[in-house]
Amino acid sequence: MKISKRKITALMGANLMTQVKLAEVAGVSRATINSALLKGSCSIPTVGKIAKALGVDPMEIIKMED
């Protein structure tokens, strides 16, 4: 699933989170977070975990395609 790297990075900044802290709170590896941010995509369950860790609805970090 496509994700907005910009929105996730902004939310990480707003929550004072590094990739390591986000991974810890989301319950995924740092490599998963790094890969998602580099590729701009990840699995649906990972989107949910990242969104929950950032305190937002998953729709806020999904990149909608036309």
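Any read-out appearing in this document is the output of simple, stated calculations on the displayed coordinates, not a laboratory observation. The structure displayed is predicted, hence computed values, not measured ones. For neighbour counting, all protein chains shown are included, and Cβ atoms are generated from backbone atoms with ideal geometry for every residue, glycine included.
Relative contact order of the chain: 46 percent, from C-alpha pairs under 8 Å at least 6 residues apart in sequence. Under a model in which nothing but the beta-carbon of Lys, Arg (+1) and Asp, Glu (-1) is charged, the chain shows a dipole of about 200 debye around its Cα centre.
Shown here: Cα extents along the principal axes in Å, derived from the displayed model; of the candidates (1) 33, 25, 16; (2) 31, 26, 16; (3) 33, 21, 18, it corresponds to (3). Close amide H contacts of residue 17 (hydrogens built in the peptide plane, cut-off under 5 Å, sequence separation of 5 or more or a different chain): none are found.
Modelled this way, with points 7 Å down the Cα-to-C-beta line, the labels at residue 10 and residue 31 are 3.1 nm from one another.
Taking amide H as placed 1.01 Å from N in the peptide plane, the amide H of residue 3 sits under 5 Å from that of 41, 42, 63, each at least 5 places away or on another chain.
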